[in-house]
1. Within segment 221-236, does at least one residue satisfy the condition of being farther than 26 Å from S397 by Cα, of a type in the set (S, T, Y) and buried (at least 21 other Cβ atoms within 10 Å of the Cβ)?
2. Among the residues of segment 368-390, are any part of a helix (DSSP H, G or I) and of a type in the set (K, R)?
3. Among the residues of segment 18-66 satisfying the criterion of being surrounded by 15 or more Cβ atoms within 10 Å (Cβ to Cβ) and modelled with pLDDT under 55, which is farthest from R121 (Cα to Cα)?
4. Spot the failing condition for R536; the list is (1) surrounded by fewer than 19 Cβ atoms within 10 Å (Cβ to Cβ); (2) more than 29 Å from T419 (Cβ to Cβ); (3) under 25 Å from the mean Cα position of the chain (by Cα), and only one is missed.
5. Filter segment 512-533 for residues that are in a loop (DSSP other than H, G, I, E, B) and surrounded by 14 or more Cβ atoms within 10 Å (Cβ to Cβ) and give the result.
6. Output the residues belonging to segment 214-256 that are in a helix (DSSP H, G or I) and farther than 26 Å from R182 by Cβ.
7. What's the number of the condition D342 fails, among (1) out of contact with any Lys or Arg (no Cβ under 9 Å at 6 or more places or on another chain); (2) buried (at least 18 other Cβ atoms within 10 Å of the Cβ)?
8. Given (1) closer than 19 Å to R444 by Cβ; (2) surrounded by fewer than 19 Cβ atoms within 10 Å (Cβ to Cβ); (3) under 18 Å from the mean Cα position of the chain (by Cα), identify the lone condition not met by Q244.
Amino acid sequence: MKTIYKFICASLIVGGFASCDDMLDTVPQGQFTAEQLDDSSVEGLVASAYAGLEAHFFGNNEAFAGPSTNWIFDVRSDDAYKGGGGTGMEENIHLLEVSEINSDNVSCLNKWQNNFYAISRVHNAMLALKAASSVSNAEAIMGELKTLRAWYYFDLIRIFNRIPYFTEGEDVNTKPNDEYSRDQIFSFIKRDLTEAIEVLPAAKSSAGRITRTTAQAIMAKVCAFTSDWAEVKTYADAVISSGQYSLYTNFGDISKIAKNNGDESIFALQVSTANDNAHINWSNLLNCTYSDGNLYGTGDDFFYGSQNLVNAFRTDPANGLPYLDGTFNQVNVTADYAGTLDPRLDFTVGRIGMPWRGYTYTMGWCRAYDTYGEYSNKKAWPAPEEALASWPWGCNSLNFMFVRYADILLLKAEALIETATGNNAAEDEGLVEARTLVNQVRQRASNSVDGSYLPLDPDPSKADYYVGLYPTTGDGNLYWTKERARMALRFERRLELALEGNRWFDLVRWGNDYLLSTMNKYMTEESNLRTYYQGRSVTEKEIFLPVPLAEIDNSNGLYKQY
């Protein structure tokens, strides 16, 4: 008889612990008695739980189609095109881009399975930890596992409308996907994080390990998704006041391997090219640029910045500020564009004629220029000298940051704006602080234009870069109204976090009306450049992915479609 999770086994048997199939657990294998479950064996299961962040369980396509980096959800937003060789290549992702949402889409299935596989690994480790007779720092390890479980469930509930929820030891084959409401599942996620924060250490025991501030940062993101702004402030403040984090000096540092686990990194996928590339960033592997001259190899060249995103980096030459009035997309940033720009543009995407990690980006880097244009995703790729020029194309050891410090600064600013009671900064101290935080992020962007910073990306001799700060003097307080502050904050998140897997989820949490108006305007305007958008739109019913058809078929009637 088919079961819901035929690949998941998480059981504590009489006299010992039964490990799962090879594709779910790498170490340890076999059975252990409670006395044999020591620091080493439990750490192996904990490492397996962390490895769930790779979304690489049995092949390659599950990582491509259901990536932990969530680039396919940036493709659902106004920030990105699918890219690749054409619309028919990985058509499942193309269908997400044009909002043709079907329950048999393999991306729906892979994303669902990847997270539940990862949750099963967490539960294996939890059960082993509970059974172990002697394990050092058991409470803190349980805190790490609860944080991982919270992250995996958070990832699911912001993508799918209704999901099953179960804890370690529960029979997954009896859990329907309508047992708990969305609000209840968010409460379970917050409960795990709250309990983890109480027992996690303040400092990392080793690179990449979850700490108290990691859980607090994730909690801030979860609370932002549920619009619990007072809690966002509380947890963002805890991260900021810890003194453990700061913005990198130069925006380009987020793409430097030397900065892995640096001051801006709060929660990151740990990537390595050791052991025959066993732990590379499989989720981004399709996205390596075509790279004329075979610098990275002939990459599949998926995940392109949209023209709309590129235009958003235009700044007003009078003050260096974004066009918050909505006119940013009235002028295309093309080769003959002579206006001012935010330099983060040229750290984020490739542009023909501009530097790329010390080389010149040309049309030869673009695999399907006629279909997708020229703006290959750049953030995930260090200099070619630090990557392979053969399969796996562009393979490198650059970590992927799920949460970085700039994200938390902007979430704190957003919470201050949303809880402001005054109309402008002259009346509300929270709006003053929010402006300071937004300006802090913008100041780092402004400081990042430096011709001596290598490898060269933004080239001030080839583009006119100008990033201004939101005014604090003169009529600055009257200018910074609550509504303008909200627009500025949302714009800033788009610029700062572009192509990092956040944009779609921001649109979702900002409300259906905002998402639908943004996306449908985008599709209409973008169809002038990308004809495959013609006649396309997003409806409220298409915001969340459907329960995968295969999972419904295997559920013996437990799962319902939403």
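1. yes
2. No, segment 368-390 contains no residue that is part of a helix (DSSP H, G or I) and of a type in the set (K, R).
3. Restricting to residues being surrounded by 15 or more Cβ atoms within 10 Å (Cβ to Cβ) and modelled with pLDDT under 55, the top hit is F32.
4. (3)
5. Result: S527, L529, R530.
6. Residues satisfying the conditions are D237, I240, S241, F251, G252, D253, I254, S255.
7. (1)
8. Just one mismatch for Q244, condition (3).
The values are calculated or read from the model by the stated rules, or taken from the named source; none is laboratory data. Here the structure is a predicted model, which is why all the values come from computation and not from measurement. All Cβ positions, even for glycine, are placed from backbone atoms using ideal geometry, and neighbour counts span all protein chains on display.
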